1. Protein chains only, probe 1.4 Å: how do 285, 211 rank by accessible area, largest first?
2. Could you give me D for region 203-299, from Stokes-Einstein at 4 °C and 1.567 mPa s, where the hydrodynamic radius is the Kirkwood radius over C-alpha pairs? Units µm² s⁻¹, please.
3. Nearest 10 degrees, 0 to 90: what angle lies between the long axis of helix 53-67 and the longest principal axis of the chain (Cα atoms)?
4. Mind listing the phi-derived Karplus ³J(HN,Hα) values for region 110-127, rounded to whole Hz, using 6.51, -1.76 and 1.60 with θ = phi - 60°, and x for any glycine or proline?
5. With unit charges on the beta carbons (Lys and Arg positive, Asp and Glu negative) and the dipole taken about the Cα centre of region 243-357, which residue among 271, 313, 260 sits farthest to the positive side?
6. Give me the percent of accessible area attributable to carbon and sulfur for the chain, probe 1.4 angstrom.
7. Could you list, bin by bin from short to long, the percent of Cα-Cα pairs of region 110-249 in 5 Å steps?
8. Mind ranking 332, 118 by accessible surface for me, highest first, 1.4 Å probe?
Amino acid sequence: MHRFNNRDFLCFLLACFFVTGSLVSTGYLALAPSPAKANNAAQEVNVYSYRQPFLVKPLFDKFTTQTGIKVNVIFAQKGLLEKIKLEGQRSPADILLTVDITRLLDASKTIAQEVNSDILLQHIPPAFRGQQNRWFGLTQRARVAFVSNRLPEVTQLTYEELADPKWRGKICTRSGQHPYNLAMFAAYLTQNGEAATKAWLSGLKQNLARKPSGNDRAQVRAVYAGECDIAIGNTYYMGAMIDNEKNPEQKDWAKAVHMVFPNNHTTGTHVSLSGMIMARYAPNKENAQLLMEFLVSQEAQQIYANLNYEYPVRVDALPSPLVQSWGALNPDTTHAADIAANRIKASRLVDIVGYDR
């Protein structure tokens, strides 16, 4: 087994800086093992994380307290998957944490190994893990309608209804090519076929109040300003606005809308995932599996979901009281891999109907 020495670590940091341009130290963890730890590798595990440090530190602190296993973390906004590919058998990575199903699938095909764990299979629903046990979902975020409180009677919607002419000029979304929207469109395509999806996208485009622009919060702001009646966005942005002390005006935006979960009473609301894989050449395989199993424990699931206003994938773990107040989520169980497989087709349809024009 290759030992990750100080020279290797320095090369890794320099390469990561030049490849990603965004390497960020967590401030409390580092990937270079100390000389003592180099002789006791069984007591550590190395994590490459696209998830921000404040989201993972409480979890890893809890894991270390319970097991005595030190968690070494490197965080970057981009480039970690590519780094693991370049490092090959010399990679110190045991686990990759990410928030995008496309990254999860890419990782599962290129740098992941199969994990045979009864605990993971028991607590992660089939739709939220890879069929070969090479990737596993951890939390969900739902793509919902933020409806103006000027329309209190609107308490149920379907995605299909968003293309109804009654909403002409009353809907705001970000770019149709943004990954959040592409995933929702790809889910619709998976369930309904290409012709129906093209017609639906064309109807939705005609109902837009303005040219798609800005992020999800900007769409809620537009509802607050009276530019539209419905904004499409991810659930966790509601929590981020409600608790935003840095930009308190966002609290008013949040107060101007109520959340409606499309298709919640039928096929289920579209969700995207955060997830994890075990690296193919993980030097601390046993500890990596222990950490992965810890992350789906009821306690860890609630901590992880609560920190970012997300929903646990484990069905017996509760989201935060704030998230619960938005209503129960019935997630669409279309397999995430099937949705990801249709994203290119969905992107092409977005261009065909001129969604962003």
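1. The residues order as 211, 285, largest area first.
2. This corresponds to a translational diffusion coefficient of 77 µm²/s.
3. Taking Cα atoms only, the helix is inclined about 40 degrees.
4. 10, 10, 9, 10, 5, 10, 9, 9, 4, 5, 5, 5, 6, 9, 10, x, x, 5
5. So the residue we want is 271.
6. Roughly 52 percent, rounded to a whole number.
7. 2, 9, 15, 18, 16, 13, 10, 9, 6, 2, 0
8. Working: 332 15, 118 130 Å².
Result, largest first: 118, 332.
The values are calculated or read from the model by the stated rules, or taken from the named source; none is laboratory data. Owing to the predicted nature of the structure, the values given are computational and were not obtained by experimental measurement. Positions of Cβ are generated from backbone atoms using ideal geometry, with glycine treated the same way; all protein chains shown enter the neighbour counts. To get the accessible areas, we keep the full protein, side chains included, count just its heavy atoms, and leave off ligands, DNA and RNA. Shrake-Rupley method; radii C 1.70, N 1.55, O 1.52, S 1.80 Å.
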